[in-house]
Amino acid sequence: MTRGFITLATGKELYYQLARNLLMSYRLYTQNPMPFAIMCDRENEYTALFDDVVLLEHPLNSYWDKFELLVRSPYDETIFIDADCLAYADLNEYWDYFAGADDFTGCGTNYPIDSEKGLFQADQLGKYTGLVHWKPDICGGLYFIRRGPGCDALYQECQWISQHYDEFPWPDFCAPKADETVLCLAMAVHGMHAMIADPCNYGHPWEANEMEHDIFTGYCQYATEWHPRVSQGRLVHFGTRYCLLASYLFEVEKLNLMLRRGLRPGKQPPTLPLWETILYRWRFRYAWLIGKDFFHRAVGKLRRIFTGAKAD
């Protein structure tokens, strides 16, 4: 049986850069790297770094490309991670978390069928009404996939649901489209459950009340309204929007510095030359990135005021 990780990048070069950063952070934090694949729409300098490349012939450049993971992964068992993530611990620990999982799952919860929570309502499911008995609710950044008839059937269900997407009253926050909604309904149809979320698995900046991380040391702590402070997170799922901000860019610069110097994470930050100590350990570079972002935002706002242009 083969096992490995996979991520996804299509369209803009930015997404390939993010995938590369995820891969490098994974390899930095494990002593025993497993095969890591990328599903993509072309080969380039970034895909050459991966162990396996799965080319999409007709990519949609959308969330729905993720459905292809169900049938196109090169491994018998696969853990999918969104490209806009960085590792802060050995992600091989995920295999213990997913031990005994259904053929497909993600992290979340399973609501009773009569609950008002979840991504669909039991009495508004068209042909599926009365055929599902719980409501999986998963996060789209971390999936487990076991190749075989179960995922083949799930894939076909996802294709049908996505083609009839607008016929279902999905929650407003899932507009205009979301892979999680389709997958959760298809999972319920085929008797698959969400894995109960472990807050240590990942943190999201957009939902955290507080978050601190340092890729030099693996320090990764965060808290949200639904769980207390996590003392050691494995992964930060930044989200594409946050990957353009100083918090992500600073971490990637530190990651690249470690790779150039052959450094490994440790309990203490690495010993660096004075100039790099000032930039990265004293965080002068982070302050510069924050200032640069503020300046660009201020200039953009003034431009819109004087020209009447709309925000990008």
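Do you know which residues across segment 28-41 are surrounded by fewer than 16 Cβ atoms within 10 Å (Cβ to Cβ) and more than 15 Å from Glu93 (Cβ to Cβ)?
Pro35
Once segment 248-266 is narrowed to residues that are basic (Lys, Arg) and under 26 Å from the mean Cα position of the chain (by Cα), the residue that is nearest to Gln31 (Cα to Cα) is Arg264. When Asn21, Asn44, Asn32 are checked against the criterion of being touching a strand residue (DSSP E or B) at 6+ places or on another chain (Cβ under 9 Å), at pLDDT 95 or above and not in a strand (DSSP E or B), Asn21 stands alone in meeting it. Residues that are of a type outside the set (Val, Ile, Thr) and exposed (fewer than 10 other Cβ atoms within 10 Å of the Cβ) within segment 265-312 comprise Lys267, Gln268, Pro273, Leu274, Trp275, Phe306, Gly308, Lys310, Ala311, Asp312, listed in sequence order. Contact map, segment 167-192: residues that are more than 22 Å from Leu142 (Cβ to Cβ) and assigned by TED's automatic domain parsing to the domain that holds Asp65 paired with residues that are at pLDDT below 90 and part of a loop (DSSP other than H, G, I, E, B), Cβ distance under 8 Å, separation 6+ or inter-chain. Pairs shown: Phe168/Gln124; Pro169/Gln121; Pro169/Gln124. Against the conditions (1) surrounded by 12 or more Cβ atoms within 10 Å (Cβ to Cβ); (2) under 27 Å from the mean Cα position of the chain (by Cα); (3) acidic (Asp, Glu), Glu225 satisfies every one except (1).
Thr2 meets the conditions (1) more than 24 Å from Cys158 (Cα to Cα); (2) crowded, with 17+ Cβ neighbours inside 10 Å; (3) of a type in the set (Ser, Thr, Tyr) in every case but one. The failed one is (2).
Listed by first and then second residue, the pairs with beta-carbon distance under 7 Å, at least 6 apart or on different chains, first residue in segment 136-163 and modelled with pLDDT of 95 or more, second in a helix (DSSP H, G or I) and among the small types (Gly, Ala, Ser), are Pro136/Ala188; Leu154/Ala186; Glu157/Ala186; Cys158/Ala186; Ile161/Ala186. Among strands (runs of 3 or more DSSP E) entirely within segment 194-312, having at least 3 residues that are free of Cβ contacts under 8 Å to residues at least 40 places away in the same chain singles out 208-214, 219-224, 227-230.
Just one residue in the set Trp160, Trp170 is in contact with a helix residue (DSSP H, G or I) (Cβ under 6 Å, 6 or more places away or on another chain) and either surrounded by fewer than 22 Cβ atoms within 10 Å (Cβ to Cβ) or not in a helix (DSSP H, G or I) (or both); that residue is Trp170. All conditions but one from (1) surrounded by fewer than 17 Cβ atoms within 10 Å (Cβ to Cβ); (2) over 27 Å from Asn201 (Cα atoms) apply to Gly148; the one that does not is (2).
The values are calculated or read from the model by the stated rules, or taken from the named source; none is laboratory data. Nothing here was measured: the structure is a model prediction, and the numbers come from that model. Backbone-built Cβ (ideal geometry, glycine too); neighbour counts: all protein chains shown.
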